[in-house]
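Structure first, then comments.
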Amino acid sequence: MQEQNSDHSIIKFLEDSAKCSMLRFSTAGSVDDGKSTLIGRLLHDSKNIYEDQLDSLMKRSVKRGKESLELALVTDGLKAEQEQGITIDVAYRYFSTPKRKFILADTPGHEQYTRNMATGASTADVTIILIDARKGIVTQTRRHSFIASLMGVPRLLVAVNKMDMVDYAEDVFVQIKKDYMAFAEKLGIRDVRFIPVSALEGDNIVTPSKKMPWYHGETLIEYLENVYNQADANLVDFRFPVQCIINPSANFRGYAGMLSSGVIRVGEDVLALPSMKKSKVKTIELHSVLNKDHQLSEARANQSVVITLEDQLDVGRGSMLVRPGNAPKVETNFEAMVIWMSEQPLDINKKYFIRHTVNEARVLITEVKYKIDINALSRKPGGALELNEIGRMSLQSTAPLFLDSYQANRGTGNFILIDPENFATVAAGMIMDRSSQDLELLGADSEKPRSQNLHHESGLIERSDREQKFGHVARTYWFTGLSGSGKSTIAKAFEKKLFENNRPVYLLDGDNLRTGLNKDLGFSAKDRQENLRRVAEVAKLFNEAGVSVICAFISPTVEDREQARKIIGDSCFIEVYLSTSLEICEKRDPHLLYQKARQGEIKNFTGISAPYEAPKNPDVAIDTNALSIQECVAQLLRISK
Amino acid sequence: MITYLQQLESESIYIMREVAAQFERPVMLYSVGKDSSVLLHLAKKAFYPGKIPFPLMHIDTGFKFPEMYAFRDEYTKSIGAELLVYRNEKAIANNTNPYDLGTQQCCGQLKTKALLDGLKKYNFDAAMGGARRDEERSRAKERVFSFRDRFGQWEPRSQRPELWNLYNGKVAQGESIRVFPISNWTELDVWHYIHLEQIPIVPLYFAKKREVVVRGEQLIPVNQAAKVFPGEKSEEVLCRFRTLGCSPCTGAVRSEATSVEDIIAEMMTTRTSERATRIIDHDRDGSMEMKKREGYF
Ligand SMILES: Nc1nc2c(ncn2[C@@H]2O[C@H](COP(=O)(O)OP(=O)(O)O)[C@@H](O)[C@H]2O)c(=O)[nH]1
């Protein structure tokens with residue numbers, strides 16, 4: 001929150017903050033690692049504590065014999081309740097900076113930790129794992145990291161706290177980082193960042209530390225403000241569980257629900273489950289004061305809308321709309337990893353209720369294959385799960401469910417179990433591909449030699465080995481921009497420069513793929529999307545082989561680019577936006593395409609008759625109208641270091 | 001990209017649709033305040049172009065401001081919602097008031113008891129309310145679906161874990177669920193949304209010259225219900241209300257904010273939390289927790 005005075009600035013503020021995105025994160029740490037202090041520091045230094053609250057905190061700090069504000073008291077509510085024996089799963093806190101809105105799921109660390117942390121992590125975009133610099137990685141650290149990875153949190157931030165107690169020494173931080181990476185790899189956690197902090201002194205929380213000049217990375221708040229989470233939702237597989245029917249009159253029948261994943265547009269084909277009947281989307285609606293016909297042209301993951309179809313189908317609550325070529329499995333038998341959350345242990349003879357998306361059925365647990373020893377991160381024999389235990393089991397439901405694996409779809413791969421006697425929520429589950437080994441989840445036996453823990457698809461040479469050998473971190477430079485914006489020209493010059501600098505690099509452009517690998521594809525929206533998907537897959541293979549790739553494609557939609565980012569991996573994907581204006585591109589018109597598009601000879605031409613969605617936060621933006629080719633290349637070289 | 005307000009809106013709509021589908025007799029508690037206005041607006045959106053498929057219930061203490069009654073009747077009628085009003089008539093007839101009984105006891109009679117009786121009378125199995133987690137410390141851990149036993153009471157041990165967006169609304173006969181669809185909204189989000197969606201609110205939120213008694217830090221509105229202590233004199237002060245409750249227990253704040261934008265600008269600069277202006281919370285530390293256990297929101 002910042003100071004605002006005049007009317008003008010408040011309107012600007014409202015406009016800006018209306019465009020803000022949201023980040024949900026959870027925290028995990030052992031007791032006394034400084035979690036409360038860290039949260040207090042974060043809220044205090046980002047000016048998110050009201051004055052009256054600050055006064056009362058100050059008074060309580062003084063009462064406790066402190067001369068300055070005791071930051072841990074900010075979240076004190078939890079502790080006091082804990083002492084009174086009140087169970088708290090998760091306390092939610094809300095704060096914001098001009099860049100982002102945050103929802104923090106704060107979980108107190110005590111015995112019920114697995115259940116609490118899983119609850120907080122289930123919706124988190126980031127989990128902050130706290131490590132005490134003096135202690136390094138402890139059993140709890142592994143446990144928390146495992147739960148975060150089990151819950152599919154897309155990325156972890158390791159905050160190495162109490163750096164003041166180790167003289168802000170770089171080697172302490174580096175060693176912890178190294179130790180952590182060694183086991184994170186086994187858990188299959190891909191995106192991990194590390195920040196050395198002192199929650200007590202405020203180093204690298206909101207203010208960059210003066211005591212750690214050796215650290216050049218982001219502060220905690222910078223990380224939270226900037227980390228990219230828009231591609232986390234699965235935007236590929238359209239899943240629309242129908243919550244209820246909106247049927248005010250004979251001529252309106254709409255299906256109300258929230259997209260669990262994917263994107264859908266007016267006119268597209270859909271398939272209704274379980275009836276397997278096909279239809280087309282007639283309208284997508286959401287009541288709006290600004291848009292008088294209340295109609296949308298598309299809806300995407302996590303949006304609540306009403307969909308109407310061209311045909312009368314037998315669709316009710318619990319039905320799911322999907323795309324004809326992309327449906328989940330419709331099955332009664334499945335496997336899942338389950339976290340038990342009730343004091344009453346699992347009862348093999350009970351027919352639990354299962355709630356999966358908006359569907360409900362009864363299930364029997366036919367087998368508990370094994371339990372997980374969460375401290376040793378190894379398997380132990382199956383049996384009735386007890387509170388806070390995790391196990392892999394087979395289930396059988398009385399009615400077919402529409403199942404995606406949790407790994408493929410965090411929105412539709414989860415469920416809860418409900419006790420049929422007292423209706424308590426007793427477990428949370430994540431659907432597993434039956435064939436898939438949960439090596440990534442498990443890190444299997446930490447005792448086994450490393451080579452046995454490799455994923456089955458990889459050889460003996462890891463990507464990091466190649467990178468070390470070639471002295472080069474392979475990345476994909478994804479050029480996007482209008483036709484004529486200079487993508488190919490700059491891409492070629494950049495490729496040449498990298499090559500001259502002895503960097504393995506390869507340029508992928510439309511033609512060299514369309515004449516071979518993609519020659520079965522046309523230019524429909526669907527084929528274009530598929531074209532880009534294949535490009536991204538090829539780029540990923542090149543990257544894995546240690547070769548950087550430059551891709552030059554118009555890739556007009558955010559969705560296209562997000563798909564590519566997802567395939568290639570956030571950390572390797574560099575979005576290069578050729579921001580040359582439409583006016584200039586049209587003036588250049590090297591192949592007279594714009595002219596033809598204007599005359600209607602080319603349909604769906606980006607910029608003229610089809611939209612171009614400019615990237616909001618590209619890694620580089622280049623205006624070829626303002627810069628020479630050399631200058632553009634120089635700009636790219638700076639970020640390729 | 002989906003902006004954060006769209007995300008909050010979508011989530012709240014999703015929750016309301018779950019309530020409509022999972023329960024037999026849901027109700028939306030309508031308190032006439034800004035949060036209720038947002039709640040009602042979201043309900044309209046969730047079922048558009050259909051009608052809101054549940055009634056609204058206002059728990060009336062008889063101590064609400066006249067502007068609130070006028071707004072309540074007009075607004076609910078204009079959107080075609082079904083409004084039920086429930087009062088603890090016996091307590092009202094017995095002249096229950098906060099001066100003689102104290103705020104806590106008075107609330108217990110006119111709000112908590114009335115609410116429980118009202119829910120029972122109509123046999124509601126789910127009651128949606130506009131409470132937010134950021135309002136008060138004890139609410140931070142509240143579930144979206146909050147379980148109540150047969151006596152309408154909140155028992156921490158029987159609260160259900162809530163993961164992802166899976167809400168368990170199963171209850172046995174007599175038990176019920178309180179649902180908070182705007183749990184994740186902050187005060188600022190509510191105002192911002194009112195601004196964007198042009199949602200009507202009670203005029204008491206806007207600054208006007210009002211007759212008040214200045215008592216310490218507090219501005220006590222003067223009307224038929226409010227008591228003026230000996231030696232106190234009322235005066236006209238330009239002020240507004242940040243939260244709306246019963247007139248004897250709701251303080252005003254000095255303000256010049258006459259529009260939603262002004263209010264937001266004011267919030268950015270005054271930087272005190274909204275409940276600081278509600279006399280009701282000054283009773284005793286942790287008082288909310290106790291009220292909640294007894295069945296108050
Ligand atoms: N020296 C130092 N002490 C810290 C730091 N962060 C927290 N502490 C102290 O560690 C103790 C436990 O902190 P607290 O935040 O209550 O831990 P929690 O149990 O994880 O919430 C308190 O005495 C804090 O003052 C830090 O960065 N440096």
Self-check item: Kirkwood Rh and Cα Rg combined as Rg/Rh, the stretch A:205-264
Solution: 1.41
Quiz item: Taking one equal scatterer on every alpha-carbon of the stretch A:236-341, how large is log10 of I(q)/I(0) by Debye at q = 0.14, 0.18, 0.22 1/Å?
Solution: -0.55, -0.85, -1.21
Self-check item: Loop-located trypsin sites (Lys or Arg not before Pro) in the stretch A:129-196 whose Cβ has at most 13 other Cβ within 10 Å (DSSP)
Solution: A:Arg134
Quiz item: In the structure shown, do any of A:Lys59/B:Lys141; A:Lys369/B:Lys141; A:Lys12/B:Lys34; A:Lys277/A:Lys616 have a Cα-Cα gap over 29 Å, and if so which?
Solution: A:Lys369/B:Lys141; A:Lys277/A:Lys616
Quiz item: Could you name the aspartates and glutamates in cross-link range of A:Lys177, using Cα to Cα under 16 Å and dropping any fewer than eight places away on the same chain?
Solution: A:Asp132, A:Glu185, A:Asp191, A:Glu218
Quiz item: Considering the Cα trace of the stretch A:550-617, what is its radius of gyration and what is Dmax, both in angstroms?
Solution: 13.8, 42
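A:Val138 to A:Asn625: extension gain in nm, 0.36 nm per residue of separation minus the Cα-Cα distance?
That pair, A:Val138 and A:Asn625, stretches by 169.8 nm at full extension.
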Exercise. Just check the stretch A:508-574 against the gyration tensor rule for me: Cα atoms, a ≥ b ≥ c as the square roots of the eigenvalues, rounded for a/c under 1.5, and otherwise prolate or oblate depending on whether a/b exceeds b/c.
Key: oblate
Practice problem: Using DSSP to define loop residues, name the GluC sites (Glu not before Pro) in the stretch A:342-374 whose beta-carbon has at most 12 other beta-carbon atoms within 10 Å. | Solution: A:Glu343
Practice problem: Write down the radius of gyration of chain B and its Dmax, each obtained from C-alpha positions, in Å. | Solution: 18.8, 60
Self-check item: MRE, 222 nm, helices only [DSSP H, n ≥ 4, -39500 (n - 2.57), over chain B, to nearest 500]
Solution: -9500 deg cm²/dmol
Self-check item: Charge dipole (the stretch B:41-136, unit charges on Cβ, about Cα centre) - positive-most of B:Phe65, B:Gly108, B:Ile52
Solution: B:Ile52
Exercise. Report Rg (one decimal) and Dmax (nearest whole number) for the stretch B:121-221, counting Cα atoms only, units Å.
Key: 18.0, 51
Quiz item: Measuring from label point to label point, each 7 Å out along Cα→Cβ, what is the A:Lys469 to A:Glu67 span in nm?
Solution: 6.1
Quiz item: Order of A:His216, B:His41 from fewest to most other C-beta atoms within 10 Å?
Solution: A:His216, B:His41
Quiz item: Which value, in debye to the nearest 20, describes the size of the charge dipole of the stretch B:126-194 about its Cα centre when Lys and Arg Cβ atoms bear +1, Asp and Glu Cβ atoms bear -1, and nothing else is charged?
Solution: 280
Quiz item: How big is the Cα convex hull of the stretch A:146-185 in projection, averaged over all directions, in nm²?
Solution: 3.2
Quiz prompt | Net charge dipole size for chain A [Lys, Arg +1 and Asp, Glu -1 on Cβ; Debye, nearest 20] | solution = 1020
Quiz item: Once you sort the root eigenvalues of the Cα gyration tensor of the stretch B:1-96 as a ≥ b ≥ c, which label holds: rounded (a/c under 1.5), prolate (a/b larger than b/c) or oblate (the other case)?
Solution: prolate
Exercise. Do me a favour and compute the ellipsoid semi-axes for the stretch A:114-156 from its Cα gyration tensor, root of five times each eigenvalue, largest one first, whole Å.
Key: 19, 11, 8
Exercise. Take the stretch B:105-174, compute every pairwise Cα distance, and split them into 5 Å bins from 0; I just need the percent in each bin.
Key: 3, 13, 21, 27, 22, 10, 3, 1
Quiz item: Which shape class, rounded, prolate or oblate, goes with the stretch A:505-641 when its Cα gyration tensor gives a ≥ b ≥ c as root eigenvalues, a/c under 1.5 marks rounded, and past that a/b bigger than b/c marks prolate?
Solution: oblate
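Hey, any idea what Rg/Rh is for the stretch A:301-349, computing Rh the Kirkwood way over Cα pairs?
Ratio of gyration radius to Kirkwood radius: 1.11.
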Exercise. Would you mind getting me the FRET efficiency between A:Gln396 and A:Ala610? Use the beta-carbon distance for r and R0 = 51 Å, nearest 0.05.
Key: 0.60
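As an exercise, use a Förster radius of 60 Å and the Cβ-Cβ distance of A:Lys519 and B:Glu235 to find the FRET efficiency, rounded to the nearest 0.05.
Computed FRET efficiency for A:Lys519 and B:Glu235: 0.10.
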Quiz item: Looking at the stretch B:171-244, which trypsin sites (Lys or Arg not before Pro) are DSSP coil and have at most 16 other C-beta atoms within 10 Å of their C-beta?
Solution: B:Lys227, B:Lys233
Quiz prompt | Most positive-pole-ward Cα, B:Phe229, A:Val281, A:His294, against dipole of the protein assembly as shown from beta carbon charges | solution = A:Val281
Practice problem: With r as the distance between the Cβ atoms of A:Glu544 and A:Asp373 and R0 = 41 Å, compute the FRET efficiency 1/(1 + (r/R0)^6) and round to 0.05. | Solution: 0.80
Quiz item: Per the Kirkwood formula on distinct C-alpha pairs, the Rh of chain A is how many angstrom?
Solution: 27.4
Practice problem: Before rounding to the nearest 500, sum -39500 (n - 2.57) across all DSSP H runs of length at least 4 in chain A and divide by the residue total; then give [θ] at 222 nm in deg cm²/dmol. | Solution: -8000 deg cm²/dmol
Self-check item: Spatially proximal lysines relative to B:Lys121 (Cα-Cα < 16 Å; intrachain offsets below 8 disregarded)
Solution: B:Lys90, B:Lys111, B:Lys113
Exercise. Could you work out the relative contact order of chain A, using alpha carbon pairs under 8 angstrom and six or more residues apart, expressed as a whole percent?
Key: 9
Quiz item: What does a probe at A:Lys587 reach in the stretch A:609-626, counting residues whose amide N is under 18 Å from the point 7 Å along Cα→Cβ?
Solution: A:622-626
Quiz item: Along the principal axes of its C-alpha atoms, what lengths does the stretch A:150-285 span, in descending order and rounded to whole Å?
Solution: 74, 31, 21
Quiz prompt | Lys/Arg +1, Asp/Glu -1 at C-beta; chain A dipole; positive extreme among A:Ser485, A:Ser122, A:Gly29 | solution = A:Ser485
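How much length is gained if the chain between A:Lys59 and A:Asp511 is pulled fully straight, taking 0.36 nm per residue apart and subtracting their Cα-Cα distance, in nm to one decimal?
Fully extending the segment from A:Lys59 to A:Asp511 adds 155.7 nm.
Please rank A:Ser555, A:Ser394, B:Ser31, B:Ser78, fewest neighbouring Cβ atoms within 10 Å first, as an exposure proxy. Intermediate results must be reported in sequence, preceding the final value.
Numbers: A:Ser555 28, A:Ser394 15, B:Ser31 24, B:Ser78 9.
Least to most surrounded, the residues fall as B:Ser78, A:Ser394, B:Ser31, A:Ser555.
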Self-check item: Distant alpha-carbon pairs in the stretch A:271-410 (separation over 20 angstrom), percent
Solution: 59
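Values quoted throughout were computed directly from the atomic coordinates according to the rules given, and no laboratory measurement underlies them. All values derive from a computational prediction rather than experimental measurement. No Cβ is skipped: glycine too gets one built from the backbone with ideal geometry, and neighbour counts run over all protein chains shown.
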